[in-house]
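Read the structure below first, then the notes.
The values are calculated or read from the model by the stated rules, or taken from the named source; none is laboratory data. Please read all numbers here as calculations on a predicted model, not as lab measurements. Cβ atoms come from the backbone with ideal geometry, glycine included; neighbour counts cover every protein chain shown.
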Amino acid sequence: MARRVTDSARVLNEEYQALVSNDKAGLKASLERIKKAEEDVVALRRALINELARVGTLLVNKEDLLRLAFLIEDIVGHINGTAFKLSHIRRSIAKTRKYKDAIVELINLLIEEVSKQNECVRALSINPDQTIETAGQIQKLENEIDSKQRALITEVLKSVAGYRDLIAMKDAIEAIEDCSDAALRAADSTTIVALGV
């Protein structure tokens, strides 16, 4: 489940490159891949609920696991929303160097954060202490994304002329930040599960 979320985050980078290079087919394919990943995560979460229902009262931290599954699903929902908002940035703005480099950096940091969340989940059954340590790294990445997102928003507010472009850029940048916040919430939940293992 967490791996599908990581895969969908990586597609954001491909989507932005397609946007910059005016590859409409690539842009559409990226949006469809992210939508498919979200559908897969929803199906996996349903399967997990069914499995936990079968286990019954044998599992002490069942509620914590369910909460974690919903929070992981929430990340991919935010990624889907981000993909939609990125697709509405005009190419002329998207390819402007000062915006392009900053957005690509934000996306790469988000991919790293979501990948760390995947590591957190994988470490639960092997090494719960590693889960807690990796969650700390996720907090640092989220702080870095916060800082860079604020700087980019400030730059966009100063330099983007048209309202349409301003709104599209601001929405896309804030959507990346929302993804980052969702990954941090999932990391916190993963830490709670690790403490109960």
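Could you pull out the residue among Glu155, Glu142 that is over 24 Å from Thr191 (Cα atoms), among the acidic types (Asp, Glu) and in contact (Cβ under 8 Å) with a residue 40 or more places away in the chain?
Working: Glu142 fails: over 24 Å from Thr191 (Cα atoms).
Of the residues listed, the single one that is over 24 Å from Thr191 (Cα atoms), among the acidic types (Asp, Glu) and in contact (Cβ under 8 Å) with a residue 40 or more places away in the chain is Glu155.
Can you name every residue in segment 132-184 that is modelled with pLDDT of 95 or more and of a type in the set (Gly, Ala, Ser)?
Listed by number, the residues that qualify are Ser147, Ala151, Ala168, Ala172, Ala175, Ser180, Ala182, Ala183.
Going residue by residue through segment 138-146, is there one that turns out to be farther than 29 Å from Gly26 by Cα, in contact with a helix residue (DSSP H, G or I) (Cβ under 6 Å, 6 or more places away or on another chain) and crowded, with 19+ Cβ neighbours inside 10 Å?
Yes: segment 138-146 contains one or more residues that are farther than 29 Å from Gly26 by Cα, in contact with a helix residue (DSSP H, G or I) (Cβ under 6 Å, 6 or more places away or on another chain) and crowded, with 19+ Cβ neighbours inside 10 Å.
Given the options Glu15, Glu73, Glu38, name the one that is charged (D, E, K, R), surrounded by 16 or more Cβ atoms within 10 Å (Cβ to Cβ) and either modelled with pLDDT of 95 or more or not in a helix (DSSP H, G or I) (or both).
On the way: Glu73 fails: either modelled with pLDDT of 95 or more or not in a helix (DSSP H, G or I) (or both); Glu38 fails: either modelled with pLDDT of 95 or more or not in a helix (DSSP H, G or I) (or both).
Criteria check complete, one pass: Glu15.
Within segment 123-136, is even one residue under 19 Å from Ala9 (Cα atoms) and either over 21 Å from the mean Cα position of the chain (by Cα) or crowded, with 21+ Cβ neighbours inside 10 Å (or both)?
Just the residues of segment 123-136 that are under 19 Å from Ala9 (Cα atoms), to begin with: 134-135.
So of that shortlist, the ones also either over 21 Å from the mean Cα position of the chain (by Cα) or crowded, with 21+ Cβ neighbours inside 10 Å (or both) come out as 134-135.
Scanning segment 123-136, I find at least one residue that is under 19 Å from Ala9 (Cα atoms) and either over 21 Å from the mean Cα position of the chain (by Cα) or crowded, with 21+ Cβ neighbours inside 10 Å (or both), so the answer is yes.
If Ile126 satisfies all but one of (1) β-branched (Val, Ile, Thr); (2) out of contact with any Asp or Glu (no Cβ under 6 Å at 6 or more places or on another chain); (3) in contact (Cβ under 8 Å) with a residue 12 or more places away in the chain, what's the number of the condition it fails?
(3)
In segment 85-97, which residues are part of a helix (DSSP H, G or I) and either touching a strand residue (DSSP E or B) at 6+ places or on another chain (Cβ under 6 Å) or free of Cβ contacts under 8 Å to residues at least 60 places away in the same chain (or both)?
Pass one, segment 85-97, residues part of a helix (DSSP H, G or I): 85-86, 91-94, 97.
Passing the criteria: Ser92, Arg97.
Considering only residues of segment 165-176 that are closer than 12 Å to Ile93 by Cα and in contact (Cβ under 8 Å) with a residue 24 or more places away in the chain, which is surrounded by the fewest Cβ atoms within 10 Å (Cβ to Cβ)?
Top of the filtered list is Asp165.
Does Glu142 fit the bill of being closer than 30 Å to Ile89 by Cβ, out of contact with any Gly (no Cβ under 6 Å at 6 or more places or on another chain) and part of a helix (DSSP H, G or I)? Step through it out loud before you land on a result.
On the way: closer than 30 Å to Ile89 by Cβ: yes; out of contact with any Gly (no Cβ under 6 Å at 6 or more places or on another chain): yes; part of a helix (DSSP H, G or I): yes.
When the stated conditions are applied, Glu142 passes them.
Report yes if some residue within segment 108-127 is in contact with a Ser or Thr (Cβ under 6 Å, 6 or more places away or on another chain), among the polar types (S, T, N, Q) and at pLDDT below 95; otherwise report no.
So far as segment 108-127 goes, yes, one or more of its residues are in contact with a Ser or Thr (Cβ under 6 Å, 6 or more places away or on another chain), among the polar types (S, T, N, Q) and at pLDDT below 95.
For segment 1-50, which positions are among the acidic types (Asp, Glu), within 22 Å of Asp101 (Cα to Cα) and free of Cβ contacts under 8 Å to residues at least 40 places away in the same chain? Explain how you work it out, then say what you get.
Step one: filter segment 1-50 for residues among the acidic types (Asp, Glu), giving 7, 14-15, 23, 32, 38-40.
Now drop any that are not within 22 Å of Asp101 (Cα to Cα), which leaves 7, 14-15, 23.
Correct list: Asp7, Glu14, Asp23.
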